[in-house]
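Novice: Could you have a look at this structure, given as structure tokens, before my questions?
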Amino acid sequence: MTNQSKIAKQIADLREILNEHNYRYYVADAPTIPDSEYDRVLRQLQDLEHKHPEFITPDSPTQRVGATPLTAFTQIKHEMPMLSLDNAFDLAEFSAFYNRVQDRLHTTAEIEFACEPKLDGVAVSLLYENGLLTRAATRGDGSVGEDITQNVRTIATVPLKLRSNQLPKRLEVRGEVYIPKADFSKLNQQAMNNQQKTFANPRNAAAGSLRQLDANITATRHLAFFSHGLGTIEAKVFPQRHTLQLEHLKLLGLPIAPYLETALGMQACEAYYQKMLQLRDSLNFELDGVVFKVNDINLQQQLGFVARAPRFAIAYKFPAHEEMTRLNSVEFQVGRTGILTPVARLEPVFVGGVTVSNATLHNMSEINRKDVRIGDYVIVRRAGDVIPEVVAPIKAKRKNVKQIKLPQQCPVCRSELIIEDAGIAVRCSGGLFCSAQRKQAIKHFASRKAMDIEGLGDKLVEQLVDSEYVHDIADLYHLPREQLMSMERMGEKSVDNLLQAVEKSKTTTLARFLFALGIREVGETTAKTLANQLRDLTTIETADVETLQSLPDIGPIVA
Ligand code: IVH
């Protein structure tokens, strides 16, 4: 093969992959790879086409916005195309964008940008005629979308009628339909309870909910809407700065996202990006980056558009919360109460800002529901401080996989396993005979909210149990110095501190002590109730079930 035909083939292959995933994402609402993987392939194609422009064709995925609309909805031709945004993935790419804007405007002066969160939802267009919502459409392929008016009318935050005594004759508002994080969790929880398919992420949940032929279903989904721009306008006056336009929409009764700001110059933009990155996990909607738009509408018009996106705006993306990697093996970890948790050992992957090589698979019923297997490529999610989890396998990439099997006995102490909760929980029957449970019990006993023994960290507990110096919590109270000194990373000073901390823990509250014992079902609150109501250990030890059940918030199971 000549070099040229090799490149042509490579380009054709990439396009085929992207077209396939576009179809799954936009038409079938069932993506099989994370967005980050899609972006990577798209970039590969963009780079190749950039180097070899002779191969660019109008039907390339780089030359259009989305995919063909479904036929079940009426089609609507957008009066102005609904464009996408170019992406920047780091400061260098953002600063290149900034410099391009300055160059194109022939200025070295600092540029004012409108700054907004980049909402991870579905783009829609709303048409208001004389103040009434007359039509709502999806973006579709950018020039033709689908009529989803009935569905959008069910969204509580979309006004059916604008509020103003100076209503624009025609006003097309563009924005994002999304599902708040809490509603997304509830929706998936419900789906799980009903043994139905769950949504991979909030974006898919919003898309799937909007694309219901029966708007009554949409109405149950708690969708929401934020405006982020305008299409056609026929109005006497309208502000000529993007931020003021959005503020004006707000006056008309249309919701806009919080944290709409202006930033003058590149450093101010970067500061906004960093601020939103910090806030990301605390917000009740999903955002995958921030959007910067040249604020002055005249300058926007001077800058104009390229095929797919405006030259005056960019999406500066956050590190992905989801990535793809290979599941190499599964290990079952035994927790404090003996519950076995399957943990996926992964090919290390950078996700949510850190390298992840372990992720939870929750339990056997989750494994079966998701149909995850050893050797699969999987989507791993790590958001905020939440433990990384395996979201789903990528079945399209499945080759030579092995079923995940529950072990026959406890992997640590070989005791028999007990199946509980209709197969959801699997428990080691070994109790404190099991060294894994013993370690967890001791770690819990020493933890901050329990006896608060500073210096008795996880690693030390493991060493003490493994070397058989500690069999139970009582052993903590006569730890010989020499043995402590022989443990890894333990010097004079740390041993002194630890012995002092152990001594100090002898003076504690009854509630903390009860909680520290790690009795099943007795959490911090129950421990406090027991301590407050029954006052001393002997009374608690000798109380019968009736007495216990008469206490506030203590039911028959806890009693
Ligand atoms: S402006 C001509 N602003 O991101 C510019 N888009 O990746 C059109 N999006 O299609 C888009 N938040 O669906 C804009 N604050 C925001 C946005 C936003 C989310 C979506 C929008 C767009 C996609 C491009």
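Novice: For helix 181-193, what angle does its Cα long axis make with the longest principal axis of the chain, in degrees from 0 to 90 and rounded to 10?
Specialist: With both axes taken from Cα atoms, the answer is about 70 degrees.
Novice: Do any trypsin sites (Lys or Arg not before Pro) in region 330-437 lie in a loop, going by DSSP, with at most 15 other beta-carbon atoms within 10 Å of their beta carbon, and if so which? Present the calculation step by step, with values, prior to reporting the outcome.
Specialist: Working: sites: 336, 345, 369, 370, 373, 381, 382, 395, 397, 398, 399, 402, 405, 414, 427; in loops: 336, 373, 382, 398, 399, 405, 414.
Filter output for region 330-437: 398, 399, 405, 414.
Novice: Oh, and also: What FRET efficiency comes out for residue 156 versus residue 237 if R0 is 25 angstrom and r is the Cβ-Cβ distance? Round to the nearest 0.05.
Specialist: Numbers: r = 30 Å, r/R0 = 1.19.
Plugging the Cβ-Cβ distance into 1/(1 + (r/R0)^6) gives 0.25.
Novice: Classify region 72-200 from the C-alpha gyration tensor, please: rounded if a/c falls under 1.5, else prolate or oblate depending on whether a/b exceeds b/c.
Specialist: Numbers: a/c = 2.09, a/b = 1.29, b/c = 1.62.
Oblate is the answer for region 72-200, as a/c is 1.5 or above yet b/c matches or exceeds a/b.
Novice: Looking at region 471-556, which trypsin sites (Lys or Arg not before Pro) are in a loop (DSSP not H, G, I, E or B) and have at most 10 other Cβ atoms within 10 Å? Provide the component values of the computation, followed by the final result.
Specialist: Details: sites: 481, 489, 493, 504, 506, 512, 520, 528, 535; in loops: 489, 506, 520, 535.
Hits after loop and neighbour filter: 489, 506, 520.
Novice: Determine the shape class of region 340-445: with a ≥ b ≥ c the square roots of the Cα gyration tensor eigenvalues, call it rounded for a/c under 1.5, and otherwise prolate if a/b is greater than b/c, oblate otherwise. All intermediate terms of the calculation are to be shown ahead of the outcome.
Specialist: Numbers: a/c = 2.28, a/b = 1.44, b/c = 1.59.
Verdict is oblate for region 340-445.
Novice: Cysteines of the chain lacking any other cysteine beta carbon under 4.7 Å?
Specialist: 115, 269
Novice: With the Cα gyration tensor of region 110-165 giving a ≥ b ≥ c as the square roots of its eigenvalues, does the rule (a/c under 1.5 for rounded; else a/b larger than b/c for prolate; else oblate) give rounded, prolate or oblate?
Specialist: Working: a/c = 1.92, a/b = 1.28, b/c = 1.50.
It comes out oblate by the Cα gyration axes.
Novice: Next question. Hey, what angle do you get for helix 91-104 against the long axis of the chain, alpha-carbon based, 0 to 90 degrees rounded to 10?
Specialist: That helix lies at roughly 20 degrees to the long axis.
Novice: Then there is this: Rounded to the nearest 0.05, what FRET efficiency is calculated for residue 503 and residue 553 with R0 set to 30 Å and r the Cβ-Cβ distance?
Specialist: Values: r = 34 Å, r/R0 = 1.14.
Working from the Cβ atoms, E equals 0.30.
Novice: Nearest 10 degrees is fine. How inclined is helix 524-534 to the longest principal axis of the chain, computing both from alpha carbons?
Specialist: It works out to around 40 degrees.
Novice: For region 67-147, which GluC sites (Glu not before Pro) are in a loop by DSSP, counting at most 15 other Cβ atoms within 10 Å? Before the final figure, lay out the partial values.
Specialist: On the way: sites: 79, 93, 110, 112, 129, 146; in loops: 79, 110.
In loop regions of region 67-147 (DSSP not H, G, I, E or B), the sparsely surrounded GluC sites (Glu not before Pro) are 79, 110.
Novice: Also, I was wondering about something else. Rounded to the nearest 0.05, what FRET efficiency do residue 482 and residue 542 have when you use their Cβ-Cβ distance and R0 = 30 Å?
Specialist: Numbers: r = 40 Å, r/R0 = 1.34.
In this case the efficiency is close to 0.15.
Novice: A further question on this structure: Once the piece of chain linking residue 458 and residue 244 is laid out straight, how much longer is it, given 0.36 nm per residue of separation minus the C-alpha distance between them?
Specialist: 71.6 nm
Novice: On average, how much area does the Cα convex hull of the chain cover when viewed from any direction, in nm²?
Specialist: 34.7
Novice: Taking only DSSP H segments of four or more residues, each worth -39500 (n - 2.57), what value at 222 nm results for the chain once the sum is divided by all its residues, to the nearest 500 deg cm²/dmol? Can you show the working numbers first?
Specialist: Details: 19 runs with 189 residues, N = 559.
Computed mean residue ellipticity for the chain: -10000 deg cm²/dmol.
Novice: Shifting gears a bit: Any lysines with Cα under 30 Å of the residue 528 Cα? List them, leaving off those in the same chain fewer than 8 positions away.
Specialist: 439, 443, 449, 459, 504, 506
Novice: Along the Cα-to-Cβ line of residue 281, 7 Å from the Cα, sits a label point; which residues in region 81-99 have backbone N less than 20 Å from it?
Specialist: Flagged as within label range: none.
Here, each number is a calculation from the coordinates, and none is a lab measurement. Just so you know, these numbers come straight off a predicted model, no measurement behind them. Neighbour counts are summed over all protein chains in view; Cβ atoms, including those assigned to glycine, are modelled from backbone coordinates with ideal geometry.
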